[in-house]
Amino acid sequence: MNTGEIAASEYRAPNRARVLHVHSGNLYGGVETLLRTIARHRSETPLATMDYALCFDRRIAGELRAAGAIVHMLGEVRARSPRRIKAVRRELARIIRASRYDVVVCHSVWSHSLFARVAREHGARVATYIHDVP
């Protein structure tokens, strides 16, 4: 480290970015492993808080909670169910408004297609992290 630099662990921004990772949560693989890793190492991101919103309360939800992360449950949904899509979109909008998230990270094409517009409409920036070929 050069003289005058501040180590990330020493710097605490007064206004940390609030980030919400959005994912289905019904499977378990690479995306879920990444989310779990982010949760376990959240103290190493002094410039942001990392929370999670999942549709299914399965293995990754439990692992995120065990790591001390905030996990919002949106409700189970499938693309073929317009009523459930409306309901989970309303729940995401409520969560974004209540917690004032700055950024919503969608971790698949599926979550992007269901939630990106809602996030933008409620003032959050959207990042889509595609982990594989869509």
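For the range 24-119, build the convex hull from the C-alpha positions and give me its volume per residue in Å³.
On the way: hull volume 8.8 nm³, N = 96.
With only Cα atoms used, the range 24-119 gives 91 Å³ per residue.
Can you give me the long-range amide H partners of Thr49? Hydrogens built in the peptide plane at 1.01 Å from N, cutoff under 5 Å, separation of 5 or more residues or another chain.
Ala17, Arg18, Val19
From the phi of every residue in the range 37-53, what ³J(HN,Hα) in whole Hz does the Karplus formula 6.51 cos²θ - 1.76 cosθ + 1.60 yield, where θ is phi - 60° and glycine or proline is x?
Karplus-based 3J(HN,Hα) across the range 37-53 equals 5, 4, 5, 5, 10, 4, 5, 8, 10, x, 9, 8, 9, 10, 10, 9, 10 Hz.
Share of the chain's accessible area from carbon and sulfur, percent, 1.4 Å? Numbers along the way, then the final one.
On the way: 4040 of 7910 Å².
So the carbon and sulfur contribution to the accessible surface is 51 percent.
Please list, in order, the residues from the range 104-122 whose amide nitrogen is less than 15 Å from a point placed 7 Å along the Cα→Cβ vector of Ala93.
Counting only backbone N, you get 114-122.
Helix-derived [θ] at 222 nm for the chain: sum -39500 (n - 2.57) over DSSP H runs of at least 4, divide by residue count, nearest 500? Let's see the in-between values first.
Numbers: 4 runs with 50 residues, N = 134.
Mean residue ellipticity, 222 nm, calculated: -11500 deg cm²/dmol.
In square angstrom, what is the accessible area per residue of the chain with a 1.4 angstrom probe?
Value for the chain: 59 Å² per residue.
Can you list residues from other chains, or at least 5 along the same chain, whose modelled amide H is less than 5 Å from the amide H of Val105?
Those lying under 5 Å, H to H, from Val105 are Leu20, His21, Val22, Ala127.
Exposed loop GluC sites (Glu not before Pro) only (DSSP loop, at most 12 other Cβ atoms within 10 Å): please give the longest stretch of the chain free of them, not including the sites.
Values: sites that count: Glu5, Glu10.
With a cap of 12 other Cβ atoms within 10 Å, the longest stretch comes to 11-134.
Could you list which residues have their amide H under 5 Å from that of Ile70, counting only those 5 or more apart in sequence or on another chain, with H placed in the peptide plane?
Amide H to amide H, under 5 Å and 5 or more residues apart or across chains, Ile70 pairs with Tyr52.
Which length gain, in nm to one decimal place, applies between Arg100 and Glu121 when the Cα-Cα distance is subtracted from 0.36 nm times their residue separation?
Details: separation 21, 0.36 × 21 = 7.56 nm, distance 1.25 nm.
Net length gain for the segment: 6.3 nm.
Hey, can you rank 80-86, 125-131 by average C-beta count inside 10 Å, highest first? Kindly include the intermediate steps, with their values, before the conclusion.
Values: 80-86: 11.3, 125-131: 13.9.
Highest-to-lowest ranking by the protection proxy: 125-131, 80-86.
Read phi for every residue in the range 113-120 and hand back ³J(HN,Hα) as whole Hz from Karplus 6.51 cos²θ - 1.76 cosθ + 1.60, θ = phi - 60°, with x for Gly and Pro.
Couplings: 5, 7, 10, 4, 4, 4, 4, 4 Hz.
The values are calculated or read from the model by the stated rules, or taken from the named source; none is laboratory data. Not measured: the values here are computed from a predicted model. Quick reminder, even Gly has a Cβ in these numbers, built from the backbone with ideal geometry, and neighbours come from all protein chains shown. Quick note on the areas: whole protein, heavy atoms, side chains included, nothing else; ligands and nucleic acids left out. Shrake-Rupley method; radii C 1.70, N 1.55, O 1.52, S 1.80 Å.
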